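Accompanying notes for the structure given below.
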Amino acid sequence: MKRKFCLVMGFISGIVFTVNAQSYAPEKSNNKIKVKPVVNIEAYTFNLKDVRLLNGSPFKNAMDKDAAYLLLLEPNRLLHRFYKNAGLPTKGDVYGGWERDGLSGHTLGHYLSACAMMYASTGDKRFKDKVDYIVTELSLCQQARKTGYVGAIPNEDSIFGKLANGIIKTGGFDMNGGWSPWYTVHKVMAGLLDAYMQCDNQQALQVLKGMADWTGNTLKNLSPEQLQKMLRCEWGGMNDLLANLYAVTAEKKYLDLSYKFYDDFVMKPLSEKIDPMPGKHSNTNVPKAIGSATQYELTGNQSDKTIASFFWETIVHHHSYVIGGNSNYEYCGDADKLNDRLSDNTSETCNTYNMLKLTRHLFSWQPDAALGNYYERALYNHILASQNPENGMMCYFVPLRMGTQK
């Protein structure tokens with residue numbers, strides 16, 4: 001009988017850098033998971049609540065800086081467009097930056113995940129209070145809209161209404177005039193899942209199921225060709241989220257729905273062990289592989305395993321810089337030709353954070369030093385290095401051009 005390992009490394013990044021939703025790599029025992037992996041798991045994660053960082057480490061310092069920043073943000077301002085789109089009175093001015101643009105609402109999803117994970121990591125009730133308040137307000141917005149959907153995207157009813165009727169105009173980051181709308185939807189749904197998983201907020205699960213059912217209704221009449229057209233626009237980790245929702249509800253319709261987010265221009269080549277990444281936007285595609293990893297654990301589908309593992313091998317061995325990061329100006333170039341792609345905009349941090357999540361899944365299937373070595377290299381030299389230890393501010397890129405300042 002092979003020895004079983006416990007895996008904590010992935011949760012360190014989740015504790016410290018709350019920039020995305022938790023990835024639910026297999027745990028030994030979690031009463032919220034109703035559908036257990038059907039494949040053999042060799043390494044199990046610790047739950048966040050079972051891990052505490054001690055004073056004196058750079059990771060604890062980073063977490064403390066993150067916590068202080070989270071407490072500065074005002075939920076009512078993040079909820080501004082959710083209220084507005086639901087026809088309810090707003091309670092605070094909208095934030096600037098991307099919250100005033102087409103990605104409005106995605107920050108609230110990240111924030112929900114961050115506060116939920118911070119509560120699990122520290123036990124500080126202030127974070128749970130923020131989570132519970134936001135979930136209650138999102139539920140009110142959902143009730144007002146009466147469709148199951150809740151969101152803050154400009155012109156979202158037109159964007160998704162056209163989609164449901166087979167009217168689809170897409171580019172790399174545009175669908176029916178909206179900026180990566182499924183990406184933003186995924187962030188909100190992932191935040192709700194984290195609120196349920198980390199804070200035991202039952203209402204969050206109900207709001208999440210409403211959004212998932214709305215997703216199913218939106219896509220139910222689309223042909224395979226129309227779905228592929230839709231998937232030309234960045235769609236985040238919808239496959240991962242819906243597969244995880246199946247795991248916590250045991251409702252197979254969510255697993256079936258997760259496979260509607262399967263594209264033939266990146267995922268199909270990966271399933272055939274063909275590198276599709278030259279010229280592709282890196283962080284658009286890492287979450288797809290994470291979703292395939294989750295689907296493999298729940299189904300045993302070998303094609304899903306190939307997508308996840310071959311993507312990891314391709315990115316790490318053929319598209320990554322020495323610090324563990326990848327991409328230049330957010331895009332991958334030709335394989336094994338990185339020396340002529342050194343600029344002020346190499347190594348987008350989001351990509352590496354997601355690669356750590358993918359690595360955690362692969363490590364759970366078969367613990368291997370190569371996976372651990374990559375994880376350590378990327379965690380210390382890219383993720384930890386992306387944060388100013390004095391004020392907690394982050395680098396979007398960690399550039400590698402000679403003489404570049406970070």
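The values are calculated or read from the model by the stated rules, or taken from the named source; none is laboratory data. This structure is a prediction, so every number in the text was calculated from the model and none was measured. Note: ideal-geometry Cβ built from the backbone for every residue, glycine included; neighbour counts use all protein chains shown. Each accessible area value is taken on the protein alone, full model and side chains, heavy atoms only, with ligands, DNA and RNA left out. Shrake-Rupley method; radii C 1.70, N 1.55, O 1.52, S 1.80 Å.
Listed conditions (1) part of a helix (DSSP H, G or I); (2) loosely packed, with under 15 Cβ neighbours inside 10 Å are all met by residue 274, apart from (1). Out of 265, 261, one residue alone is surrounded by fewer than 19 Cβ atoms within 10 Å (Cβ to Cβ) and in a loop (DSSP other than H, G, I, E, B). It is 265. Going by what's in this entry, would residue 168 be described as more than 19 Å from residue 251 (Cβ to Cβ), touching a helix residue (DSSP H, G or I) at 6+ places or on another chain (Cβ under 6 Å) and either among the polar types (S, T, N, Q) or part of a loop (DSSP other than H, G, I, E, B) (or both)? The answer is yes for residue 168.
Scanning region 295-312 for residues that are over 15 Å from residue 25 (Cα atoms) and among the hydroxyl-bearing types (Ser, Thr, Tyr) returns 303, 306. Checking the stated criteria, residue 340 turns out to be surrounded by fewer than 18 Cβ atoms within 10 Å (Cβ to Cβ), at pLDDT below 95 and either under 20 Å from residue 42 (Cβ atoms) or among the acidic types (Asp, Glu) (or both). Residues that are among the hydrophobic types (A, V, I, L, M, F, W, C) and in a helix (DSSP H, G or I) within region 68-113 comprise 68, 70, 71, 72, 78, 82, 98, 108, 112, listed in sequence order.
The residues of region 44-63 that are in contact (Cβ under 8 Å) with a residue 40 or more places away in the chain, in a helix (DSSP H, G or I) and open to solvent by 40 Å² or more (accessible area, probe 1.4 Å), listed by number, are 49, 58, 61.
One residue is enough: does region 362-379 have a residue meeting the conditions touching a residue at least 12 places away in the same chain (Cβ under 8 Å) and either within 19 Å of residue 261 (Cβ to Cβ) or in contact with a Cys (Cβ under 8 Å, 6 or more places away or on another chain) (or both)? Checked against the condition, which is being touching a residue at least 12 places away in the same chain (Cβ under 8 Å) and either within 19 Å of residue 261 (Cβ to Cβ) or in contact with a Cys (Cβ under 8 Å, 6 or more places away or on another chain) (or both), region 362-379 yields no hits at all. Condition check for residue 100 on (1) modelled with pLDDT under 95; (2) under 25 Å from residue 266 (Cβ atoms): one failure, at (2).
One line per residue, one yes/no per condition, for (1) surrounded by fewer than 24 Cβ atoms within 10 Å (Cβ to Cβ); (2) touching a Gly at 6+ places or on another chain (Cβ under 6 Å):
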residue: 108; (1), (2): no, no
residue: 114; (1), (2): no, no
residue: 125; (1), (2): yes, no
residue: 128; (1), (2): yes, no
residue: 136; (1), (2): yes, no
residue: 151; (1), (2): no, yes
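Any residue at all in region 318-333 that is among the acidic types (Asp, Glu) and over 28 Å from residue 395 (Cβ atoms)? No, the conditions are met nowhere in region 318-333. Among the residues making up region 210-258, those that are out of contact with any Lys or Arg (no Cβ under 7 Å at 6 or more places or on another chain), open to solvent by less than 60 Å² (accessible area, probe 1.4 Å), in a helix (DSSP H, G or I) and over 18 Å from residue 300 (Cα atoms) are 210, 211, 212, 213, 214, 215, 218, 226, 228, 230, 238.
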